[in-house]
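Worksheet: the structure to be examined is printed underneath.
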Amino acid sequence: MQNVRNILLSIGAAVAGTKLVRAISDIEVDDVLSPIGLARRRSHVAADLALLGTGVLVGGVLALVFAPMSGRETRQRIARKADELGDAAANKLRDLKDEVRPRLGNAAHASEHAHQ
């Protein structure tokens, strides 16, 4: 029963998102600006932003509906992965420093001999 509910919610969110995109994409910037005496060059920014916003909304709803874990578990997993990535980045930076330091020392030494 829960799966049927989730599927129906997903379909409803997709339909609502589609209707929202159509409604927003039908509104032109000039439709808003012309009553106050303004106009602008044609651009598709508003439609693109509407599509982006709708995609974010539908994606968020679907993520919540089909999330395999609870919010607490998901936050803990994200925090754990962020820590792992931070540690990996710190290790790479440390390795890079260890690799570059001798080369910089050799370059400085060669530069001193060249100037003498």
So, in segment 16-65, of the ones that are outside any loop (DSSP other than H, G, I, E, B) and among the basic types (K, R), which residue ends up farthest from N3 (Cα to Cα)?
R22
So L85, is it loosely packed, with under 11 Cβ neighbours inside 10 Å, without any contact (Cβ under 8 Å) to a residue 60 or more places away in the chain and either part of a helix (DSSP H, G or I) or among the aliphatic types (A, V, I, L, M) (or both):
yes
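Values in this text are rule-based calculations from the coordinates and carry no lab data. Note that the structure is a prediction, hence the values are computed from the model and not measured. When we count neighbours, we look across all protein chains shown, and the Cβ atoms used for this are built from the backbone with ideal geometry, even at glycine.
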